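The values are calculated or read from the model by the stated rules, or taken from the named source; none is laboratory data. The structure displayed is predicted, hence computed values, not measured ones. A quick note on method: Cβ atoms are made from the backbone with ideal geometry, for glycine too, and the neighbour counts reach across all protein chains shown. To get the accessible areas, we keep the full protein, side chains included, count just its heavy atoms, and leave off ligands, DNA and RNA. Shrake-Rupley method; radii C 1.70, N 1.55, O 1.52, S 1.80 Å.
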Amino acid sequence: MSIMKNILSIVLLFVAISAGAQETYTNAEMVSEDLSGTARYIGMGGAMEALGADISTIGTNPAGIGMFRRSTVALSASVLSQTDAGSYRYGDATKTSFDQAGFVWSTRLRHNRYFNIGFNFKKARNFNNVTSVAGALGGASQNKNAYMNLMDAGSLYGNTVSQLDALYYETFTHGSNGNLYYNDGTKFTHDFSAEGYVGEYDVNISGNVSNRIYLGITFGFNDVNYRSHSSYSENLVNADNASIGSVTVNDHRTIDGTGFNVKAGIIFFPIEDSAFRVGLSIATPTWYDLTSCSWTSLDNNTSVSGDATDRGVEEYGEYDYRVYTPWKFGVSLGHTIGTTLAIGASYEYANYSSMSNRIIGDYDYDYSYYGNSVKDYEMNEHTQRTLKGVSTLKLGVEFKATKDLAVRAGYNFVSAMYRGDGYRDCTVNSLGTYYSSRSDYTNWKATNRITLGAGYTIGHFGIDIAYQYNVTSGTYYPFMSSEATYTYGDGTQETVYNYVDGVKVKNKRNQFTATLSYKF
């Protein structure tokens, strides 16, 4: 059987399976969280899990809702602006956003016990982003990457052919004589934009056992709305190092779905007659059920036509999959001094290397029936060697300058989710690889957030504002680096090298949030 027949057999095999699974880097983007909520919560860096009595704690330490003594409603909106954003026709670096809406209904029982019910919506993740990256390729190229994947897949025991590889096969790398070819690259440009959000709808039941112990549980329902647009171009040369033009891959993807989780927490005062308190919290995984759709085209603007009569070919992919996020654990401390000063500190941990990718459908790769869904073991192994545990540290302080005026400051640190040597592995034998339509990836480092805020009360009304500066740096790669040696039909051998250097990138965001609240 020829290599071309084997490649086509692999493609037909995966097309016949309607199930799907996602890829590590895309999943990590979906499950990352912003510092969001009310302006008071943001202004204190999110360090309110032990202090409580803010509606945003409904999703971090549910016991915080149990500390409300008056029924309250709150609404929040923000303006998000990306500093040094790229220029791309699909993106907008500055956008307004409706970020939060919720209420707490507080009922006093006998003996100073309270029973509270709360509901809150917030945007746990705002995907708005515009990025432009350019760099030298030094002979490496995306089409060479596709060539190597197609060559390795030809044995039927190699790696998976992706949608992107199939596009190159149809328009560029597949010659009219049936052979595969590649061209070296000199430089690339990549424009990318994303929009949408992950909405979190939380329902809470909470209260106190005594004036020293507060308990709460929250049921969370998530709504994923993700839209991205990408245009990747690279300039190519022939064997004589003469320019032959460029190729451009345009990709448009949507991800929609829902998720569910449960969070529980406790706040207790360990020292009698002291305002010092400790908070503990735990959150189950968020069990996501998602659908991804992509439209990907390759425009061949070179003097190489391959075997395609249409130099611009489009691939469409749609599939369902599941992702289960890791468990999350939190501990927090809080203290108040009279009615003038509040200090909070929180720590959370989640091990994202344990995130589970799951396949939905009736059959596995070997056509064995397995029912509803199973783990995608190959992609999970890739996740384990790409992601790691994440620690989140929150520090905040609030000072009451007057009875009605408060000023706030906070710091929020999130350690890196990605390992420095991680990469988007296009050779993983997974349906998530097959449905992949992009080869780029970014290993983001730690996130640092600095916050400031103020609040003013007028009778039953409260007005709060907050400013958040968010910065994250990372290293961008247009595709994975690799090398392989091939033996051709005439007995000759060739070692193909495809190594590309990373490009340093930064994501800087400024966010202004305002919250209007009313206490009954």
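For the stretch 437-520, what does the alpha-carbon gyration tensor say about shape, rounded, prolate or oblate, given a ≥ b ≥ c as the root eigenvalues, a/c under 1.5 as rounded, and a/b over b/c as prolate?
Numbers: a/c = 8.39, a/b = 4.43, b/c = 1.89.
It is prolate, given that a/c is not under 1.5 and a/b is the larger ratio.
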Ignoring ligands, DNA and RNA, what accessible area per residue does the stretch 144-285 give at 1.4 Å, in Å²?
37 Å²
Where Rh is the Kirkwood radius over Cα pairs, Rg/Rh for the stretch 369-492
1.25
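Please give the contour-minus-distance gain from Val331 to Lys506: 0.36 nm per residue of separation, less the Cα-Cα distance, rounded to one decimal in nm. Could you put the intermediate results ahead of the total?
Working: separation 175, 0.36 × 175 = 63.00 nm, distance 3.03 nm.
Net length gain for the segment: 60.0 nm.
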How many percent of the alpha carbon pairs in the stretch 409-477 exceed a separation of 19 Å?
59 percent
Please list, or write none, the aspartates and glutamates whose alpha carbon is within less than 15 Å of the alpha carbon of Lys187, excluding same-chain residues fewer than 8 places away.
Glu234, Asp440, Asp501
How much FRET efficiency would the formula 1/(1 + (r/R0)^6) give for Ile282 and Asn241, where r is the Cβ-Cβ distance and R0 is 51 Å, rounded to 0.05?
0.30
Percent accessible area from carbon and sulfur atoms, the chain, protein chains only, probe 1.4 Å
57 percent
Ordering Val262, Val331 by the accessible surface of their heavy atoms, 1.4 Å probe, largest first, yields Val331, Val262
Sorted by accessible area with a 1.4 angstrom probe, largest first, how do Phe115, Phe192 fall?
Phe115, Phe192
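If a helix is a whole DSSP H run, which ones in the chain reach 18 Å or further along their own axis (Cα) and hold a mean Kyte-Doolittle hydropathy of at least 1.0?
Working: long enough: 3-16 (20 Å, 2.26).
Within the chain the helices that satisfy the rule are 3-16.
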Distance in nm between Thr248 and Asp273 label points, each 7 Å along Cα→Cβ, equals 7.6 nm
Could you name the lysines in cross-link range of Lys263, using Cα to Cα under 25 Å and dropping any fewer than eight places away on the same chain?
Lys122, Lys123, Lys328, Lys375, Lys388, Lys394
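Mind giving me the FRET efficiency for Gln384 and Ile213? R0 is 41 Å, r the Cβ-Cβ distance, nearest 0.05 is fine. Numbers along the way, then the final one.
Working: r = 39 Å, r/R0 = 0.94.
Efficiency computed from Cβ-Cβ geometry: 0.60.
Using a Förster distance of 35 angstrom, determine the FRET efficiency expected from the C-beta separation of Lys187 and Ala101, and round it to 0.05. Show your work: numbers first, answer last.
Details: r = 47 Å, r/R0 = 1.34.
In this case the efficiency is close to 0.15.
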For the stretch 46-131, whose charge dipole is built from +1 on Lys and Arg Cβ atoms and -1 on Asp and Glu Cβ atoms, the candidate among Ala124, Gly64, His111 with its Cα farthest towards the positive end is His111
